Amino acid sequence: MATTASAPVTASVAAVTLEVADLEAARRFYSAFGVEAYLRLRASQEHSDPDGFVWEAAAPTPS
């Protein structure tokens with residue numbers, strides 16, 4: 001019986017959409033971190049980062 005080795009699966013996120021109350025302030029905030037290429041910002045009255053939501057960046061842990 002033949003067996004096959006399983007290849008690791010890698011996943012990535014191309015972009016994240018955030019709704020922000022102040023679009024221009026959000027653009028300035030995220031561009032300071034150099035991540036604006038990965039974000040899509042949309043004006044909204046919902047809560048998000050420059051508006052008070054706390055995020056934490058973390059690297060994946062090796063398995």
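Any read-out appearing in this document is the output of simple, stated calculations on the displayed coordinates, not a laboratory observation. Not measured: the values here are computed from a predicted model. When we count neighbours, we look across all protein chains shown, and the Cβ atoms used for this are built from the backbone with ideal geometry, even at glycine.
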Check your understanding: Expressed in nm to one decimal, what extension gain is obtained for the pair F53 and A25 from 0.36 nm per residue of sequence separation less their Cα-Cα distance?
Key -> 8.6 nm
Study note, to complete from the structure: Within region 21-40, the residues whose backbone N lies under 16 Å from a label point placed 7 Å from the Cα of A14 along the Cα-to-Cβ direction are 37-40
